[in-house]
Amino acid sequence: MITEIAPAPQRVVSEPARPRGGRRAWDEVPRWQIYLPLSVYLLFTLIPFYWILLFALRPAGSTSLVPWPMTLDHFEKVWTERSFGLYFQNSVLVGLATLVLTTVVALAGGYALARFDFRLKRGFMLALLCSQFVPGALLLVPLFQIFAELSMINSLGSVILAETVFQLPLSMILISGFIRNVPPSLEEAAWVDGCSRFAAFRIVVLPLLRPGLIAVGSFAFVHAWNHFLFALMFLSDQSKQTIPVGLNTLMNADSVDLGALAAGGIVAAVPVVIVFAFIQKWLITGFSAGAVKG
């Protein structure tokens, strides 16, 4: 007697119910719940900038909430009478020199950390990371003594070296991460073709590091441009001061010239804004490359 075996019942998996119209759950969020917080944040960010522009562009003594009639007297005052033209030149020199020194030294050190194995390498990396917890104020006394022995006090070179030393640990760590994302096989192929290590690095690796170098160099420049403490402590001659120290001279114990202070703040902020406007795509590419483990 042959008995037929009934087929096993098939398990029916029901699909989760979709919202009406086939849209996903997060698409049903009302637009106002997205735009309202963004608008509040935008107002919170832009109102201080408008307030600075208001004080910088309206005439002295005016209480209008609209900068009309506009005047550039405050800019002329800080640029000529307050020597902001000279401060601007000094800040550009310090920023560019710090950018170049930091990038070159960090590039060499980052390559060594990424491509070579040596004793105490992990300890050295840990020391670099721990140095980021040391505030710049703790470096003032030892750096001042070193620069005094080298007769570098009251020179822009002391500020440049101090800014470079302060920026190097983080820059070296970031550059080493960018270099690790470049496959070593590319360099090995160049060695087979007869290139030296330096030539292979210059021809093969260096062009691929452009986003990372721009990211590291831009942050070194911005930090040197905005840093107040080193320039205040190491520079005593007014003709060698930088813009942050120049802004401090606009505030007296008895009164503050708000128009001149606002104009000086705009002079200090505009170059940084322009720099980031031109290199933002390189910064995004550099951060994306550094975030992916090779």
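Give, to the nearest whole percent, the P(r) tail of segment 61-114 beyond 18 angstrom, counting all Cα pairs.
Values: 881 of 1431 pairs.
For segment 61-114, the share of Cα pairs beyond 18 Å comes to 62 percent.
With every protein chain left in place, what is the accessible area per residue of the chain in square angstrom, probe 1.4 Å?
Working: 19160 Å² over 294 residues.
So the chain comes to 65 Å² accessible per residue, rounded to a whole number.
In whole Hz, with x marking every Gly and Pro, tabulate ³J(HN,Hα) for segment 180-193 from phi via Karplus 6.51 cos²θ - 1.76 cosθ + 1.60, θ = phi - 60°.
Those phi angles translate into 5, 6, 8, x, x, 5, 5, 5, 4, 5, 5, 5, 4, 6 Hz.
Does a label point 7 Å from the Cα of Ser255, set along Cα-to-beta-carbon, have any residues of segment 51-87 with amide nitrogen under 19 Å, and which are they?
Answer for this model: 55-64, 73-79, 81-83.
Assigning unit charges at the beta carbon (Lys, Arg +1; Asp, Glu -1) and nothing else, what dipole magnitude in debye, to the nearest 20, does the chain show about its Cα centre?
Details: 20 positive and 16 negative charges, 177 e Å.
Here the size comes out at about 860 debye.
Output ³J(HN,Hα) for segment 101-114: one whole-Hz value per residue in order, computed from phi by the Karplus curve 6.51 cos²θ - 1.76 cosθ + 1.60 with θ = phi - 60°, and x for Gly and Pro.
With coefficients 6.51, -1.76 and 1.60, one gets 5, 5, 5, 5, 5, 5, 5, 5, x, x, 5, 5, 5, 7 Hz.
Taking trypsin sites (Lys or Arg not before Pro) that fall in a DSSP loop and have at most 10 other Cβ atoms within 10 Å as cut points, what is the longest piece of the chain between them?
Numbers: sites that count: Arg11, Arg23, Arg24, Arg119, Lys293.
Free of exposed loop sites, the longest segment is 120-292.
Using only the heavy atoms of the protein chains and a 1.4 Å probe, how would Met172, Met233 rank by accessible area, largest first? All intermediate terms of the calculation are to be shown ahead of the outcome.
Details: Met172 25, Met233 90 Å².
The ranking, largest first, comes out as Met233, Met172.
Beyond 18 Å, what percent of the Cα pairs of segment 164-273 remain?
Across segment 164-273, Cα pairs with separations above 18 Å total 65 percent.
What is the Cα convex hull volume of segment 85-124 when expressed per residue in Å³?
Numbers: hull volume 2.4 nm³, N = 40.
For segment 85-124, the hull spanned by Cα atoms encloses 60 Å³ per residue.
Between Val272 and Asp73, 0.36 nm times their residue separation minus their Cα-Cα distance comes to what?
Fully extending the segment from Val272 to Asp73 adds 69.3 nm.
Compute the FRET efficiency between Phe116 and Ser185 as 1/(1 + (r/R0)^6), taking r as their Cβ-Cβ distance and R0 = 25 Å, and round to the nearest 0.05.
Details: r = 17 Å, r/R0 = 0.67.
FRET efficiency, Phe116 to Ser185: 0.90.
Where is the GNM fluctuation largest for the chain (alpha-carbon springs, 10 angstrom cutoff): Phe276, Phe124, Phe234?
Evaluated over the chain, the most mobile residue of the options is Phe124.
Translational diffusion coefficient of the chain at 37 °C, 0.692 mPa s, Stokes-Einstein with Kirkwood Rh over Cα pairs, in µm²/s as a whole number.
Details: Rh = 23.9 Å.
Estimated diffusion coefficient is 137 µm²/s.
Tally up the carbon and sulfur contribution to the accessible surface of segment 31-71 as a whole percent, 1.4 Å probe, everything protein left in place. Spell out each step's value before the answer.
Numbers: 2780 of 3470 Å².
That share works out to 80 percent.
Tell me, how many Å apart are the Cα centres for segment 153-199 and for segment 77-101?
If we compute the Cα centre of each part, the gap is 27 Å.
The values are calculated or read from the model by the stated rules, or taken from the named source; none is laboratory data. Because the structure is predicted, anything quoted here is derived from the model rather than measured. Heads up, the Cβs are rebuilt from the backbone with ideal geometry, glycines too, and the neighbour counts pull from every protein chain shown. Heavy atoms of the whole protein, side chains included, go into the accessibility calculation; ligands, DNA and RNA do not. Shrake-Rupley method; radii C 1.70, N 1.55, O 1.52, S 1.80 Å.
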